[in-house]
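**Student:** Right, I'll just put the structure down here and ask away after.
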Amino acid sequence: MKLSIWDIFKYIYKWKILIILSVVAAIGLSVIYINKSQSYESQVVIKFNDACIKEGKTPNGDEFDPQEIISPDVITSVIEDMDLKKSVENLRSRVKVKAIIPKTEETRKESLIKEGEEYSYYPDSYTITYTGRVGESPGMVRDILDSIVKNYLDSYVHNYINQIAVNDFTFDEDLGNQDYIELAEIMSNKIDTIIASLGNYYSSDSSFRSSKTGLTFMDIETEYKHLRDFTIPKIYSNIYEGQISKDKILLIQKYRQKINEYRLQEQNYSDKAAMTKERLDSFAQANVNVPNSYNATAEDVDIIQDVYGDAQGDRNVTTTYDDLITKYVSDLTSANNARLNAGECEKIVEKFTTEVNSDVNTDKLTEEIKSDIAYTKDKLNSIYTILNDTINDFNDANAITHISILTGVRYYALKSLSIYAVLFVGAALMISVLFALAYELIKRYLIESAESKE
């Protein structure tokens with residue numbers, strides 16, 4: 001049986017319908033396979049702008065660990081933000097953080113190691129990759145990585161950028177639990193703490209204005225200062241004028257007890273300060289004859305000139321004497337604070353033990369105090385909501401100055417439809433052509449065999 005190339009083309013053409021249908025079916029199967037088994041990967045590149053990262057340190061001096069990008073706290077926040085049905089470890093295992101090291105640095109590393117020299121390099125750019133599971137949409141894969149980056153930026157600013165966070169200072173105390181003057185003290189202390197914290201934000205960026213609230217930190221500070229300078233003094237004034245109290249006898253007992261506690265604290269810290277002073281005097285006396293730059297000549301002690309620092313940078317070294325001075329000042333300050341607090345409590349006791357002016361309308365004053373406390377409570381709650389939104393805007397803007405996102409969050413399929421389509425079509429084409437040729441050759445062979453027998 002002779003077979004020419006034209007016979008092969010003739011057989012293939014004869015079975016063209018089957019071959020075409022096989023190719024179409026292969027394309028359809030490849031699409032179904034990809035849809036059933038496709039997974040996506042998202043990727044982003046970030047760069048740390050703080051110079052300390054290139055020294056392997058965080059802004060607060062700790063050792064920098066890039067795995068903090070996917071720390072449990074960050075991943076937990078991602079799961080909560082996106083309401084994911086995943087465990088922390090499950091999600092962390094699918095995120096990879098890889099340092100970007102320039103080729104020139106690789107060459108330098110090889111050269112130094114070859115020469116036996118010590119080598120160290122701390123990268124400041126990293127690729128973060130999240131590999132999604134089969135069935136996760138590309139949008140979901142992108143959003144998860146985007147949330148990881150966002151929550152890490154928040155975490156980095158919170159942990160390292162030395163901004164004092166303003167805690168939730170909303171005022172929800174039960175009015176029945178404490179006396180009016182105690183509530184006024186609580187509110188006053190909270191307002192003072194917030195104002196001090198706002199000063200840190202304002203000093204770091206006086207021009208910042210929240211895009212969400214439209215306010216600056218100075219605008220919000222003005223609201224708190226109005227409460228501090230007008231509303232709170234009015235509450236105190238009304239309380240003192242009418243000696244307004246829910247239980248005057250109990251209140252006086254409380255403040256007399258506070259006086260005793262503050263006096264004990266004052267004595268305790270004063271004794272500590274005295275002991276530290278004795279150690280300071282002993283330390284100074286013991287070192288009075290030790291040669292130094294103040295009591296010796298050049299023959300007595302060698303003083304090294306023109307020393308500006310060492311290879312590792314200038315060092316902030318504190319001595320035992322420095323530590324004693326710090327403790328001495330701290331104890332004296334604490335003793336003085338306790339003395340002042342005791343004095344304030346004595347003034348309150350004195351005010352509540354004097355006779356009240358008979359012309360004072362205590363019922364009216366009581367209603368005014370209750371109304372002002374309720375007003376202050378509601379005002380603190382509303383201002384805090386605005387403050388929280390403003391701080392969140394500030395942290396988002398501030399994070400960008402410390403960490404740059406060099407690329408947007410990109411995603412791509414791990415399986416290429418075109419490659420699998422080519423493979424499926426190639427296999428279908430080969431199988432259908434071989435089937436067509438085999439069928440025709442067998443058929444031809446049987447016919448020729450039958451003819452030769454005749």
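The values are calculated or read from the model by the stated rules, or taken from the named source; none is laboratory data. Treat the numbers as computed from the prediction; the structure is a model and nothing was measured. We place every Cβ from the backbone using ideal geometry, glycine too, and count neighbours over all the protein chains shown.
**Student:** Within the range 38-127, considering only helices (runs of 4 or more DSSP H) that don't extend past its boundaries, which have at least 2 residues that are within 24 Å of the chain's Cα centre (by Cα)? Quick ask: steps written out before the conclusion?
**Tutor:** On the way: elements: 72-82, 88-92, 103-114.
Here the list reads 72-82, 88-92.
**Student:** Six or more apart or on different chains, Cβ atoms under 6 Å: show the pairs whose first residue is in the range 16-37 and small (G, A, S) and whose second is surrounded by 14 or more Cβ atoms within 10 Å (Cβ to Cβ).
**Tutor:** From residues that are small (G, A, S), the pairs are S22/A428; S22/S432; A26/F424; A26/V425; A26/A428; S30/Y420; S30/A421; S30/F424.
**Student:** Kindly indicate whether any position in the range 105-120 is in the same structural domain as K415 (by TED's automatic domain parsing), touching a residue at least 60 places away in the same chain (Cβ under 8 Å) and closer than 27 Å to N49 by Cβ. Spell out the reasoning first.
**Tutor:** Taking the range 105-120 and keeping what is in the same structural domain as K415 (by TED's automatic domain parsing), we get 105-120.
This time we only want the ones that are touching a residue at least 60 places away in the same chain (Cβ under 8 Å), so: 120.
Narrowing the set further to residues that are closer than 27 Å to N49 by Cβ leaves 120.
Within the range 105-120, one or more residues are in the same structural domain as K415 (by TED's automatic domain parsing), touching a residue at least 60 places away in the same chain (Cβ under 8 Å) and closer than 27 Å to N49 by Cβ.
**Student:** Can you tell me which residues in the range 202-248 are closer than 19 Å to I373 by Cα, outside any helix (DSSP H, G or I) and without any contact (Cβ under 8 Å) to a residue 24 or more places away in the chain?
**Tutor:** None; the set is empty.
**Student:** So which residues in the range 177-191 are more than 23 Å from I252 (Cα to Cα) and in contact with a Lys or Arg (Cβ under 7 Å, 6 or more places away or on another chain)? Spell out how you get there, then give the answer.
**Tutor:** Restricting attention to the range 177-191, the residues satisfying the condition of being more than 23 Å from I252 (Cα to Cα) are 190-191.
Hit for the range 177-191 is I191, nothing else.
**Student:** For the range 419-447, name all the residues that are exposed (fewer than 12 other Cβ atoms within 10 Å of the Cβ) and of a type outside the set (F, W, Y). Break it down stepwise before answering.
**Tutor:** As a first pass, look at the range 419-447 and keep what is exposed (fewer than 12 other Cβ atoms within 10 Å of the Cβ): 419, 430, 434, 438, 442-443, 445-447.
Result: I419, M430, L434, A438, I442, K443, L446, I447.
**Student:** Restricting to the range 28-44, name every residue that is surrounded by fewer than 16 Cβ atoms within 10 Å (Cβ to Cβ) and not hydroxyl-bearing (S, T, Y).
**Tutor:** Hits for the range 28-44 are G28, V31, I32, N35, K36.
**Student:** Could you grab me the full set of residues in the range 179-206 that are of a type outside the set (A, V, I, L, M, F, W, C) and modelled with pLDDT of 85 or more? Lay out the reasoning, then the answer.
**Tutor:** First, pick out the residues of the range 179-206 that are of a type outside the set (A, V, I, L, M, F, W, C): 179-180, 182, 185, 188-190, 192-193, 197, 199-206.
Across the range 179-206, the qualifying residues are D179, Y180, E182, E185, S188, N189, K190, D192, T193.
**Student:** Does the range 345-364 contain any residue that is in contact (Cβ under 8 Å) with a residue 40 or more places away in the chain, assigned to a helix (DSSP H, G or I), surrounded by fewer than 12 Cβ atoms within 10 Å (Cβ to Cβ) and assigned by TED's automatic domain parsing to the domain that holds L250?
**Tutor:** Yes, the range 345-364 contains at least one residue that is in contact (Cβ under 8 Å) with a residue 40 or more places away in the chain, assigned to a helix (DSSP H, G or I), surrounded by fewer than 12 Cβ atoms within 10 Å (Cβ to Cβ) and assigned by TED's automatic domain parsing to the domain that holds L250.
**Student:** Could I ask something else about it? Determine which single condition G408 fails, assuming it passes every other condition in (1) of a type in the set (G, A, S); (2) surrounded by fewer than 18 Cβ atoms within 10 Å (Cβ to Cβ); (3) in contact with a helix residue (DSSP H, G or I) (Cβ under 7 Å, 6 or more places away or on another chain).
**Tutor:** It is condition (3) that G408 fails.
**Student:** Can you tell me how many residues within the range 397-454 are outside any helix (DSSP H, G or I), aliphatic (A, V, I, L, M) and farther than 30 Å from V31 by Cβ?
**Tutor:** Residues of the range 397-454 outside any helix (DSSP H, G or I): 403-416, 454.
Cutting the leftovers down to aliphatic (A, V, I, L, M) gives us 403, 405-406, 409, 413-414.
Checking the rest, the ones that are also farther than 30 Å from V31 by Cβ come to 403, 405-406.
Qualifying residue count, the range 397-454: 3.
**Student:** Residues of the range 94-113 being more than 15 Å from Q43 (Cα to Cα) and either at pLDDT 90 or above or not charged (D, E, K, R) (or both), which ones?
**Tutor:** Listed by number, the residues that qualify are I101, P102, T104, T107, S111, L112, I113.
**Student:** Go through (1) out of contact with any Asp or Glu (no Cβ under 9 Å at 6 or more places or on another chain); (2) crowded, with 17+ Cβ neighbours inside 10 Å; (3) modelled with pLDDT under 90; (4) over 30 Å from D65 (Cβ atoms) for D174 and report which single condition fails.
**Tutor:** (2)
**Student:** Look through the range 81-97, keep the residues that are free of Cβ contacts under 8 Å to residues at least 12 places away in the same chain and closer than 14 Å to I70 by Cβ, and return whichever of them is surrounded by the most Cβ atoms within 10 Å (Cβ to Cβ).
**Tutor:** Narrowing the range 81-97 to residues free of Cβ contacts under 8 Å to residues at least 12 places away in the same chain: 83, 85-87, 89-90, 93.
Filter once more, keeping what is closer than 14 Å to I70 by Cβ: 86-87, 89-90, 93.
Details: K86: 15, S87: 11, E89: 9, N90: 13, S93: 11.
Only one residue tops the list, namely K86.
**Student:** So how many residues does the range 416-433 have that are aromatic (F, W, Y) and over 22 Å from P138 (Cβ atoms)? Full working, then the answer.
**Tutor:** Here is the first cut: in the range 416-433, the residues aromatic (F, W, Y) are 420, 424.
Next, only the ones that are over 22 Å from P138 (Cβ atoms) stay: 424.
Adding up the residues that qualify gives 1.
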